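Scroll down for the structure; my scribbles are underneath it.
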Amino acid sequence: MSLSSPAARSVDSPVVVDRGDGVAMRARGLSLGFGSTAVLADLDLDIHRGTITALIGPTGSGKTTFLRSLNRMNDKVAKHWHRGDVLLDGSNIYSPGVQLMALRRRVGMLFQRPNPFPMSIAENVLAGVKAHGIAGKQHYRAIVEARLREVGLWEAVSSRLGSSPFNLSGGQQQLLCLARALATGPEVLLLDEPTSSLDPITTEHVEALLRSLAPALTIVIVTHNLAQARRVSNRTAFFYQGRLVELTDTTKLFESPEHPETANYVSGRMG
Amino acid sequence: MTTAGAGAAGRVPDNTPLDLYGRPAWHRVAAGYVGWGACGLAVALIAAPLASVLWGVIGRAVPVWRWSVLTEAGNGQGGGLANEIVGTLFILAGVSVLAGSVGVLSGIYLSEYARGRTGAVLRGASEVLAGIPSIVLGYVGYIALVIALHWQYSLAAALITLSALTVPYIAKSTEAALRQVPTTYREGAEALGMSPLRSLRRITLKAALPGITTGWLVAMAISVGETAPLLYTAGFSDSLPSLSLTHSPVGYLPYVVWTFYNYPAKAFQSLSYDAALILVVMVLVLIVLARIVVAFTQRHTERN
Ligand SMILES: Nc1ncnc2c1ncn2[C@@H]1O[C@H](COP(=O)(O)OP(=O)(O)OP(=O)(O)O)[C@@H](O)[C@H]1O
Ligand SMILES: [Mg+2]
């Protein structure tokens, strides 16, 4: 499926085009900055298909900036520049002619703070579905129910689908945003500290959800919670001062990291 | 206050502010009274003129009120106000559409597209336009539309002149309202792959609607009440306005309030009181309508 011409696709089963190398997204020599400050320096990094990759590192190390470069959310930031490539299924998302709408349909995103739109709960779930013309009106109800069930919100909101999402708890709002992101059937889902404003129980629920989504979906999650990275991710990347220090299996990164900086960070000697 | 010392808390009212040692903080008490006093005074300064205007208008209009002023057109001896009411409604509807669309589109342009110098120049121009006295705009409308374009006194000349007067208010409030829409809405829409136009239509404009409506209301209140630009452009007429946009003068209520008030004949003076009352009612109806629309469209926002 090319980025320039979004093909019709089933809502329920994202078509995973495996090119055999198992890499969903890949950064090649990626440098990125704003004005005269360089934020990311010469990154090379693979995101394996169908796995969960955690991005960890001290504050200001460039995790968010990197995450946002995977669906080109940095483009609009003032004085943004970049060098190098980011590949999705082998094609560069920064090449001219790439349609941002098509890209973001394939690479979805969930933000740190829940950000439901000012429309009813059902309309929120359908926002992306309608924007991309993914399904006809007759399917709307089924999509809303399926997505809300998927994130475990259906029982709580089925009786008030037409009312405001801002009466939901913060955790419920975040789950609604997750349902909204899943409804467009993305192949890759980017999450920026998605549970930092949630209580432990909801966090656990979200983590279980992410693990269950993983084989069909490629997930990249930024987190400050090292325990969370250990619990949910298959692979973990350690960022430090805009560089990728180490990306390897989560167990290995936490138990026998190669680099002293990584060792310091995961053992809590550097924050 | 369990730590109240020296028994002081016992002698003063429960809500008296205390210092760290539990003693009443008299300067804070005094500051509190001064603050509330100032607020009360400000409210009074707003409410008193409003009450006086309403009282003056209602007190004069009600004793001489005839329901037939709503249905009869004017005649040389008085008659009714039907022609002026219809004329004012035409003007309102016209300005609402013309200034409303131009103003909202300008506001969208200023907030979403105009960058740097362009934006600054356009904003400045809009402020200058807002600062031009209405009678000057009326005169320009007279020279340009009524005379140069040979439209004569007409609805079109009145609409365009009043719109020039009110567009800056709508543009300004639209721009301000759009800028206040949280970036999380825009980013959320962007990350979902919504087109910028769709995100504007479905999310940003909707969230900005209360602010836009405020500007629109101000524009409507100006159009309902302005007399000077209309004297130059609408002329005046005793008969119901025709549907033609040019070459046909239009009657409107503020003219009646302004001129008939000084006529010696009682019938005319009564008409002037009635016209004032109808103007006030029109503005109130507009405010209520706007409130209803806003409440309906904002039922899914964070404020509820
Ligand atoms: N729009 C911008 N303009 C200039 N500098 C920026 C901009 N956005 C981010 N930066 C800088 O880029 C660096 C990395 O920021 P980023 O938000 O990616 O860090 P982070 O690893 O996500 O940190 P945190 O863990 O605190 O969220 C910081 O030094 C920040 O100041
Ligand atoms: Mg961050």
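Here the condition is being open to solvent by 20 Å² or more (accessible area, probe 1.4 Å), within 25 Å of B:Tyr169 (Cα to Cα), of a type outside the set (A, V, I, L, M) and outside any loop (DSSP other than H, G, I, E, B); of B:Phe268, B:Phe296, it holds for B:Phe296 alone. Looking across the range A:81-105, just one residue is crowded, with 17+ Cβ neighbours inside 10 Å and either within 10 Å of ligand 1 (Cβ to nearest atom) or among the acidic types (Asp, Glu) (or both), and that is A:Asp89.
Run B:Pro229 past the list (1) under 25 Å from the mean Cα position of the chain (by Cα); (2) away from every other protein chain (no Cβ under 14 Å); (3) open to solvent by 20 Å² or more (accessible area, probe 1.4 Å) and report the number of the one that doesn't hold. Just one mismatch for B:Pro229, condition (3). Scanning the range A:66-75 for residues that are near ligand 1 (Cβ under 10 Å from one of its atoms), out of contact with any helix residue (DSSP H, G or I) (no Cβ under 7 Å at 6 or more places or on another chain) and within 14 Å of B:Ala191 (Cα to Cα) yields a total of 3. Checking A:Thr59 against (1) at pLDDT below 95; (2) away from ligand 2 (no atom under 16 Å from the Cβ); (3) away from chain B (no Cβ under 12 Å), which test does it fail? With (1) at pLDDT below 95; (2) away from ligand 2 (no atom under 16 Å from the Cβ); (3) away from chain B (no Cβ under 12 Å) applied to A:Thr59, the lone miss is (2). When every residue of the range A:162-181 is checked against the conditions, none turns out to be open to solvent by less than 10 Å² (accessible area, probe 1.4 Å), over 30 Å from B:Gln298 (Cβ atoms) and not in a strand (DSSP E or B).
Rundown of residues vs (1) within 11 Å of another protein chain (Cβ to nearest Cβ); (2) under 28 Å from A:Thr203 (Cα atoms), yes/no style:
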| site | (1), (2) |
| --- | --- |
| A:His80 | no, no |
| A:Arg83 | no, no |
| A:Ser91 | no, no |
| A:Gly97 | no, no |
| A:Ala102 | yes, no |
| A:Arg106 | yes, yes |
| A:Arg113 | yes, yes |
| A:Pro118 | yes, yes |
| A:Asn124 | yes, yes |
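Evaluating A:Ala263 against the criteria (1) open to solvent by less than 60 Å² (accessible area, probe 1.4 Å); (2) under 12 Å from A:Ile56 (Cβ atoms); (3) more than 16 Å from ligand 2 (Cβ to nearest atom) leaves one unmet condition, (2). Exactly one condition in (1) charged (D, E, K, R); (2) away from chain B (no Cβ under 14 Å); (3) more than 20 Å from the chain's Cα centre (by Cα) is false for A:Lys130; which is it? (2) is the only condition that A:Lys130 fails.
If the requirement is being out of contact with any Leu (no Cβ under 7 Å at 6 or more places or on another chain) and buried (at least 19 other Cβ atoms within 10 Å of the Cβ), which of these qualifies: A:Arg113, A:Arg49, A:Arg72?
Numbers: A:Arg113 fails: buried (at least 19 other Cβ atoms within 10 Å of the Cβ); A:Arg72 fails: out of contact with any Leu (no Cβ under 7 Å at 6 or more places or on another chain).
Among A:Arg113, A:Arg49, A:Arg72, only A:Arg49 is out of contact with any Leu (no Cβ under 7 Å at 6 or more places or on another chain) and buried (at least 19 other Cβ atoms within 10 Å of the Cβ).
Return a yes/no flag: does the range A:196-217 have any residue that is open to solvent by 10 Å² or more (accessible area, probe 1.4 Å), free of Cβ contacts under 8 Å to residues at least 12 places away in the same chain and assigned to a loop (DSSP other than H, G, I, E, B). The answer is no; no qualifying residue exists. Based on this model, can you work out whether B:Leu129 counts as closer than 21 Å to B:Gly225 by Cα, modelled with pLDDT under 95 and in contact with a helix residue (DSSP H, G or I) (Cβ under 7 Å, 6 or more places away or on another chain)? For B:Leu129, the condition - closer than 21 Å to B:Gly225 by Cα, modelled with pLDDT under 95 and in contact with a helix residue (DSSP H, G or I) (Cβ under 7 Å, 6 or more places away or on another chain) - is met.
The values are calculated or read from the model by the stated rules, or taken from the named source; none is laboratory data. Just so it is clear, the structure is predicted and the values come from calculations on it, not from any experiment. Please note: Cβ atoms are built from the backbone with ideal geometry, for glycine as well, and neighbour counts cover all protein chains shown. Ligands, DNA and RNA are stripped out before the accessible areas are found, and what is left, the full protein with its side chains, is counted by its heavy atoms. Shrake-Rupley method; radii C 1.70, N 1.55, O 1.52, S 1.80 Å.
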